Structures are given as structure tokens and as C-alpha cells.
1. Taking the Cα atoms of region 133-215, report the difference between the largest and smallest coordinate on each principal axis, in whole Å and largest first.
2. On the protein heavy atoms, probe 1.4 angstrom, tell me the percent of accessible surface of region 69-199 carried by carbon and sulfur.
3. If I compute volume of the Cα convex hull per residue in Å³ from the structure I just sent, which labelled value in (1) 142; (2) 154; (3) 118 lines up?
4. What FRET efficiency comes out for Phe234 versus His28 if R0 is 30 angstrom and r is the Cβ-Cβ distance? Round to the nearest 0.05.
5. If you take the beta carbon distance between Arg66 and Arg290 as r and set R0 to 35 Å, what does 1/(1 + (r/R0)^6) give as a FRET efficiency, to the nearest 0.05?
6. When only C-alpha pairs under 8 Å and at least 6 residues apart count, what is the relative contact order of the chain, in percent?
7. In whole angstrom, note down how far apart the Cα centers of region 157-233 and region 70-94 are.
8. Can you pull the accessible area of Val87 for me, 1.4 Å probe, Å² to the nearest 10?
Amino acid sequence: MEREIVKVLEIIAVAAVLCVLVMIREIHTFKVTHYTVTAPKLVGEETKFVLLSDLHNKVYGKHNKRLLYAITKQRPDAILIAGDMLVGKKGVSPKPAMEFVKSLANICPVFYANGNHEQRMKENPANYSHVYERYKKELSAEQVIFLENRSVVREWNGDLFTISGLEIPYEGYAKRKYHKVTEVEIEQRIGKASRASYQILIAHNPSHVPAYKEWKADLVVSGHFHGGLVRLPFLGAVITPQLKIFPRYSGGIYREGQTTTVVSRGIGEHTIPVRLFNTPEVVVLHMKGRQ
């Protein structure tokens, strides 16, 4: 009996060591994930978007050269940022995120919607030494397009796209007093979804995907949950940094009715530097018409 207990403990110890090694590897690397998105509204040639989220000042190589090379290699038509590129904490410099996003602007047009980190710095400027204002000013000078509850229309490869960036009420990020975002609130903030063009909604928090669908977005891109920190076979995401268990939309592509939702697992981490079977990712979206 004692030998069996020892064997079990040895197996547990080996498994624990392997998990730690996997976690160490995963927080120091990233992968490129490709998704194909088709829709009858798309009739032109393929358009390629890179989706980035939750960098949190992470650096891969000097000046993020590894990450920039991987993105440049994809030759995207545009880059969609779904927020949380910096870390919204007092005394934390936004410099790594700022330098990285500036470099992205040299590749192609960049459309930036805020996450909860940018939003709380924006809404409480004095508490964060007005860092967000300087951050936005410098990036805007490099032609980074901030979509703070507004939309822009652009054409690529024969297709017309409306790209909208949504900032939900900050209570929509609350862990306890949960605020359920509604279609009406979205419309009050950014107007009605486009019917004439392909409507992309950049919305950091995927908790409110049902409302985004009711708003009639053709494509929703989000992040926020960091892939659920730990992902298990058949179960998927286990827990988010906000301590939400088994989140419905955690990382991947979800096709429901007329809306496609893509949730990035993020490209960095903060506070809880844990990833297990959940490699950080650069997401590439191949936008195509249905054959």
C-alpha cells in the first residue's frame, strides 16, 4: 500500500514539474493562429486582418522584433487591436506598448479599440498621471486610429468594411456587481450597425457577445480573458484572470447565426502570469466571400 502511495506521489510530482515547464515555455513564446471568415457581403478578393489583444507591455526580443517580424510576415491589410496593450497601474510605464504600436503603424493601418486597462486610465486621468492622454496623442501622431465609441469606413480589395470600436460602461467589467450590456446601450454609444457594408465590432470584453450579436455585428473581435489561463482538452478554458469559471467565449472562433465572433487568447499576461496549454497568439483573419 505504501509503495502504491509513493508511486502516485511520484506521478503527481512529475506531472507538476512538467506543467511548470510548459507554463514557463508558454509565457515566453507565441504562435500565429489563422481563421477563415466567410460572408455573403464579401464579394472581392481576400482581405487579411491581424488581431491583437492583451499585450500588457510584453516584449518578445529587443524592441519586440520577434513579434513584429511575425506580423509583418503575414502582410496584413490592416491590424485590429482589441485593447489592453499597456498595463493600467500607477507607476507602470506605457513605453513598451507605445513603441510596439508605433512600429505596427509602419506596416499597415492600425485600428485601436480600448480595453479595460486603457479605459480606466482614460476615465480617471489624475489617478494615472494623465498617461493615457500622452499615450493616445503619440500614437495618433503616427496615424494609429483610435475607435472610442466611433466607427470608420474603409475599402479593401473590392469590399467595404465598417469598423467600430466599443467602450462599454466600465461596470461591464465588474467581478461582483455585474452590469449586463444591452443592444440599446451599444446603439446609444456607436449608433446602428451598418447594413450596406461588412460590420466589424471591436469590443474588448467577450462576456457581452449576446448583445453584440443582437446589435447585428457581422464580425466581433475580442480578447480580455487571456484564453482562460488554463485550457483542458474537451473542457476548454478553465478560469479567467477575473476568476470567471469556464467562460463561454474564451478563445477561438464562434459562428452563430449571422455573426462570427473571434476571441484572441492574448499575446501577453500580467498580475497572474499563468498559461497552461494556452499559448499566446497573433490571430490572422482571412476575410472571404462564400463560394
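1. Over region 133-215, Cα extents along the principal axes are 43, 36, 19 Å.
2. 48
3. Answer by label: (2).
4. E(calc), rounded to 0.05, equals 0.65.
5. Numbers: r = 36 Å, r/R0 = 1.02.
Between Arg66 and Arg290 the formula returns 0.50.
6. It rounds to 26 percent for the chain.
7. Measuring centre to centre over Cα atoms gives 18 Å.
8. Its heavy atoms expose roughly 20 Å² to the probe.
The values are calculated or read from the model by the stated rules, or taken from the named source; none is laboratory data. No experiment lies behind these values; they were computed from the predicted model shown. Cβ: placed from backbone, ideal geometry, glycine included. Neighbour counts: every protein chain shown. Side chains are part of the model used for accessible areas, which takes the heavy atoms of the whole protein and leaves out ligands, DNA and RNA. Shrake-Rupley method; radii C 1.70, N 1.55, O 1.52, S 1.80 Å.
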